[in-house]
Amino acid sequence: MLTLARIAEDPCTLTHRLESRDGAHLVFRPLAPGDAQGLADFLAGLSPESRRFSTFDGYDLAAARELCAAIARYDKLRLVLEEEPSARIVGLLEFSLALPPGDAERYRRAGIRLDETTDCRFGPTLADDHQGKGLATQVFPLVRQVARRLRKRRIILWGGVLADNPRAIRYYEKNGFHRVGTFTGPDAQTSLDMILNLEPAPGEQA
(Lines give C-alpha, C1' and ligand atoms only; values in the text may rest on other atoms or scores of the structure.)
Protein backbone atom coordinates (compact mmCIF):
# COMPACT_ATOMS: atom_id res chain seq x y z
CA MET A 1 0.00 0.00 0.00
CA LEU A 2 1.24 3.49 -0.83
CA THR A 3 1.93 5.56 2.30
CA LEU A 4 3.09 9.12 2.95
CA ALA A 5 6.42 7.79 4.23
CA ARG A 6 6.92 5.73 1.10
CA ILE A 7 6.11 8.71 -1.11
CA ALA A 8 8.64 10.86 0.77
CA GLU A 9 11.29 8.16 0.37
CA ASP A 10 10.58 7.68 -3.34
CA PRO A 11 8.84 10.74 -4.85
CA CYS A 12 9.20 9.22 -8.32
CA THR A 13 6.31 6.92 -7.49
CA LEU A 14 3.94 9.88 -8.00
CA THR A 15 5.96 11.90 -10.51
CA HIS A 16 4.56 12.51 -14.01
CA ARG A 17 5.51 14.76 -16.90
CA LEU A 18 2.92 16.44 -19.07
CA GLU A 19 2.53 19.13 -21.68
CA SER A 20 -0.12 21.79 -21.15
CA ARG A 21 -2.46 22.84 -23.93
CA ASP A 22 -0.36 25.94 -24.58
CA GLY A 23 2.79 23.85 -24.98
CA ALA A 24 4.37 24.30 -21.54
CA HIS A 25 6.27 21.30 -20.17
CA LEU A 26 5.33 20.53 -16.57
CA VAL A 27 6.23 18.08 -13.84
CA PHE A 28 3.59 16.82 -11.40
CA ARG A 29 5.41 15.58 -8.29
CA PRO A 30 5.33 15.46 -4.48
CA LEU A 31 6.50 18.54 -2.61
CA ALA A 32 10.15 18.11 -1.59
CA PRO A 33 12.14 19.49 1.39
CA GLY A 34 14.19 21.67 -0.94
CA ASP A 35 11.12 23.42 -2.40
CA ALA A 36 10.80 26.11 0.29
CA GLN A 37 12.00 29.06 -1.80
CA GLY A 38 10.14 28.02 -4.93
CA LEU A 39 6.98 27.45 -2.92
CA ALA A 40 7.41 30.83 -1.20
CA ASP A 41 7.65 32.53 -4.60
CA PHE A 42 4.47 30.72 -5.68
CA LEU A 43 2.54 31.73 -2.56
CA ALA A 44 3.76 35.34 -2.67
CA GLY A 45 2.67 35.64 -6.30
CA LEU A 46 -0.97 34.71 -5.65
CA SER A 47 -3.36 37.61 -6.18
CA PRO A 48 -5.76 38.76 -3.45
CA GLU A 49 -8.59 37.00 -5.30
CA SER A 50 -6.67 33.71 -5.46
CA ARG A 51 -5.83 34.03 -1.77
CA ARG A 52 -9.52 34.46 -0.98
CA PHE A 53 -10.33 31.22 -2.79
CA SER A 54 -7.31 29.27 -1.48
CA THR A 55 -6.38 30.27 2.04
CA PHE A 56 -3.04 29.35 3.63
CA ASP A 57 -1.55 30.18 7.02
CA GLY A 58 0.89 32.51 5.27
CA TYR A 59 2.25 33.52 1.88
CA ASP A 60 5.94 33.94 2.59
CA LEU A 61 9.11 31.92 3.09
CA ALA A 62 8.22 31.04 6.69
CA ALA A 63 4.90 29.54 5.59
CA ALA A 64 6.58 27.65 2.75
CA ARG A 65 9.19 26.24 5.13
CA GLU A 66 6.44 25.00 7.45
CA LEU A 67 4.75 23.16 4.59
CA CYS A 68 8.05 21.58 3.53
CA ALA A 69 8.88 20.62 7.13
CA ALA A 70 5.53 18.83 7.40
CA ILE A 71 6.32 16.33 4.63
CA ALA A 72 5.43 12.81 5.84
CA ARG A 73 5.05 14.05 9.42
CA TYR A 74 1.29 14.51 9.57
CA ASP A 75 -1.74 13.54 7.49
CA LYS A 76 -1.08 15.81 4.50
CA LEU A 77 0.20 15.01 1.03
CA ARG A 78 1.15 18.02 -1.06
CA LEU A 79 2.07 17.87 -4.72
CA VAL A 80 3.34 20.61 -6.98
CA LEU A 81 3.19 21.48 -10.65
CA GLU A 82 6.59 22.69 -11.80
CA GLU A 83 7.51 24.27 -15.11
CA GLU A 84 10.42 22.89 -17.07
CA PRO A 85 13.15 23.96 -17.45
CA SER A 86 12.68 26.99 -15.18
CA ALA A 87 11.65 24.84 -12.15
CA ARG A 88 9.05 27.49 -11.30
CA ILE A 89 6.24 26.11 -9.13
CA VAL A 90 2.90 27.03 -10.71
CA GLY A 91 0.51 24.80 -8.77
CA LEU A 92 -0.01 23.29 -5.34
CA LEU A 93 -2.40 20.35 -4.91
CA GLU A 94 -3.18 19.25 -1.37
CA PHE A 95 -4.61 16.05 0.05
CA SER A 96 -5.60 15.58 3.68
CA LEU A 97 -6.08 12.04 4.93
CA ALA A 98 -7.76 13.21 8.16
CA LEU A 99 -11.37 14.34 8.36
CA PRO A 100 -12.21 17.12 10.85
CA PRO A 101 -15.24 16.47 13.08
CA GLY A 102 -17.01 19.51 11.64
CA ASP A 103 -16.77 18.12 8.12
CA ALA A 104 -17.98 14.70 9.24
CA GLU A 105 -20.95 16.27 11.01
CA ARG A 106 -22.00 18.38 8.00
CA TYR A 107 -21.89 15.37 5.71
CA ARG A 108 -23.70 13.23 8.29
CA ARG A 109 -26.56 15.74 8.31
CA ALA A 110 -26.69 15.35 4.53
CA GLY A 111 -26.96 11.58 4.88
CA ILE A 112 -23.32 10.79 4.04
CA ARG A 113 -21.07 9.06 6.57
CA LEU A 114 -17.42 9.87 5.99
CA ASP A 115 -14.68 7.39 6.86
CA GLU A 116 -10.97 8.18 7.01
CA THR A 117 -10.13 4.73 5.65
CA THR A 118 -11.95 5.44 2.40
CA ASP A 119 -12.31 9.24 2.14
CA CYS A 120 -9.90 12.15 1.81
CA ARG A 121 -9.97 15.92 1.34
CA PHE A 122 -8.53 17.73 -1.67
CA GLY A 123 -7.79 21.33 -2.62
CA PRO A 124 -5.93 22.76 -5.64
CA THR A 125 -4.31 26.17 -6.18
CA LEU A 126 -2.82 27.41 -9.46
CA ALA A 127 -0.68 30.45 -10.13
CA ASP A 128 -2.79 33.28 -11.53
CA ASP A 129 -1.19 33.14 -14.98
CA HIS A 130 -2.04 29.43 -15.26
CA GLN A 131 -5.71 29.75 -14.34
CA GLY A 132 -8.50 29.51 -16.91
CA LYS A 133 -6.37 27.54 -19.40
CA GLY A 134 -7.69 24.04 -18.76
CA LEU A 135 -4.63 22.97 -16.78
CA ALA A 136 -6.59 21.97 -13.66
CA THR A 137 -8.84 19.73 -15.78
CA GLN A 138 -5.84 18.27 -17.59
CA VAL A 139 -4.20 17.37 -14.27
CA PHE A 140 -7.29 15.95 -12.60
CA PRO A 141 -6.84 12.36 -13.87
CA LEU A 142 -3.54 12.35 -11.96
CA VAL A 143 -5.38 13.58 -8.86
CA ARG A 144 -7.80 10.67 -9.18
CA GLN A 145 -4.90 8.29 -9.58
CA VAL A 146 -3.19 9.56 -6.43
CA ALA A 147 -6.39 9.14 -4.41
CA ARG A 148 -6.89 5.59 -5.68
CA ARG A 149 -3.29 4.65 -4.93
CA LEU A 150 -3.89 5.87 -1.39
CA ARG A 151 -6.81 3.42 -1.29
CA LYS A 152 -9.43 6.16 -1.21
CA ARG A 153 -12.88 5.74 -2.70
CA ARG A 154 -14.22 9.26 -2.28
CA ILE A 155 -12.83 12.80 -2.34
CA ILE A 156 -14.41 15.77 -0.61
CA LEU A 157 -13.37 19.37 -1.04
CA TRP A 158 -10.94 20.75 1.53
CA GLY A 159 -12.89 23.61 3.11
CA GLY A 160 -15.59 23.37 0.47
CA VAL A 161 -15.77 25.82 -2.42
CA LEU A 162 -17.02 29.38 -2.04
CA ALA A 163 -20.53 29.77 -3.41
CA ASP A 164 -19.46 32.94 -5.26
CA ASN A 165 -16.75 31.08 -7.20
CA PRO A 166 -18.77 29.77 -10.17
CA ARG A 167 -15.70 28.89 -12.24
CA ALA A 168 -14.43 26.53 -9.54
CA ILE A 169 -17.89 25.02 -9.06
CA ARG A 170 -18.14 24.31 -12.80
CA TYR A 171 -14.67 22.74 -12.70
CA TYR A 172 -15.59 20.38 -9.87
CA GLU A 173 -18.90 19.42 -11.44
CA LYS A 174 -17.20 18.84 -14.80
CA ASN A 175 -14.87 16.40 -13.05
CA GLY A 176 -17.62 14.42 -11.36
CA PHE A 177 -18.16 16.13 -8.00
CA HIS A 178 -21.72 16.37 -6.68
CA ARG A 179 -23.14 19.05 -4.41
CA VAL A 180 -23.89 17.92 -0.88
CA GLY A 181 -25.02 21.12 0.82
CA THR A 182 -24.05 24.62 1.89
CA PHE A 183 -22.48 25.95 5.07
CA THR A 184 -21.29 29.24 6.49
CA GLY A 185 -17.63 29.39 7.45
CA PRO A 186 -15.95 31.31 10.29
CA ASP A 187 -15.51 34.24 7.89
CA ALA A 188 -19.32 34.36 7.38
CA GLN A 189 -18.95 33.34 3.73
CA THR A 190 -21.20 30.69 2.19
CA SER A 191 -19.49 27.61 0.78
CA LEU A 192 -20.59 24.38 -0.89
CA ASP A 193 -19.65 20.89 0.22
CA MET A 194 -19.02 18.60 -2.75
CA ILE A 195 -18.02 14.93 -3.05
CA LEU A 196 -16.59 12.72 -5.77
CA ASN A 197 -17.10 8.94 -5.89
CA LEU A 198 -14.07 7.30 -7.46
CA GLU A 199 -14.65 4.46 -9.87
CA PRO A 200 -11.97 1.75 -10.09
CA ALA A 201 -9.59 2.20 -12.99
CA PRO A 202 -8.77 -1.12 -14.70
CA GLY A 203 -5.07 -1.83 -14.78
CA GLU A 204 -4.14 1.11 -12.56
CA GLN A 205 -1.16 0.37 -10.34
CA ALA A 206 -1.93 0.07 -6.61
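Here are the numbers:
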{"quantity": "Sites residue 32 and residue 137, calculated FRET efficiency, Cβ-Cβ separation with R0 25 Å, nearest 0.05", "calculated": "0.50"}
{"quantity": "Net dipole in debye of the chain [+1 Lys, Arg Cβ; -1 Asp, Glu Cβ; about Cα centre; nearest 20]", "calculated": "740 debye"}
{"quantity": "Residue-averaged [θ]222 nm for the chain, counting only DSSP H segments that reach four residues, each worth -39500 (n - 2.57)", "calculated": "-8500 deg cm²/dmol"}
{"quantity": "Computed Rg/Rh of the chain, alpha carbon atoms with Kirkwood Rh", "calculated": "0.93"}
{"quantity": "Cα-centred dipole magnitude for the stretch 117-206, charges only on beta-carbon of K, R (+1) and D, E (-1), debye, nearest 20", "calculated": "400 debye"}
{"quantity": "Length released on extending from residue 47 to residue 10, taking residue separation times 0.36 nm less the Cα-Cα span", "calculated": "10.0 nm"}
{"quantity": "Alpha-carbon centroid distance for the pair the stretch 127-164 / the stretch 1-43, whole angstrom", "calculated": "15 Å"}
{"quantity": "Stokes-Einstein translational diffusion, the stretch 15-106 - Kirkwood Rh over all Cα pairs, 1.002 mPa s, 20 °C, in µm²/s", "calculated": "150 µm²/s"}
{"quantity": "Cβ-placed point charges (K, R +1; D, E -1), dipole of the stretch 55-104 about Cα centre in debye, nearest 20", "calculated": "140 debye"}
{"quantity": "Cα convex hull of the stretch 59-112, projected area averaged across orientations, nm²", "calculated": "5.4 nm²"}
{"quantity": "Nearby lysines by direct alpha-carbon distance to residue 174 (threshold 21 angstrom, same-chain neighbours under 8 apart not counted)", "calculated": "133, 152"}
{"quantity": "Helix runs (DSSP H) in the chain reaching 20 Å along axis by Cα, Kyte-Doolittle at least -1.0", "calculated": "135-149"}
{"quantity": "Sparse-neighbour loop sites [GluC sites (Glu not before Pro); the stretch 101-206; at most 14 other C-beta within 10 Å; DSSP]", "calculated": "116, 204"}
{"quantity": "Residue among 182, 117, 160 farthest towards the positive dipole end of the stretch 100-206, charges placed on Cβ", "calculated": "117"}
{"quantity": "Per residue solvent-accessible surface (Å²) - the chain, probe of 1.4 Å", "calculated": "51 Å²"}
{"quantity": "DSSP bridge pairs, the chain: antiparallel proportion in percent, nearest 5", "calculated": "90 percent"}
{"quantity": "Apportionment of accessible area to carbon and sulfur, the stretch 158-203, percent (1.4 Å)", "calculated": "52 percent"}
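The values are calculated or read from the model by the stated rules, or taken from the named source; none is laboratory data. Since the structure is predicted, the reported quantities are computational estimates derived from the model, not experimental observations. In this analysis, Cβ positions are derived from the backbone assuming ideal geometry, glycine residues included, and neighbour counts consider all displayed protein chains. For accessibility, only protein heavy atoms count, side chains too; no ligands or nucleic acids. Shrake-Rupley method; radii C 1.70, N 1.55, O 1.52, S 1.80 Å.
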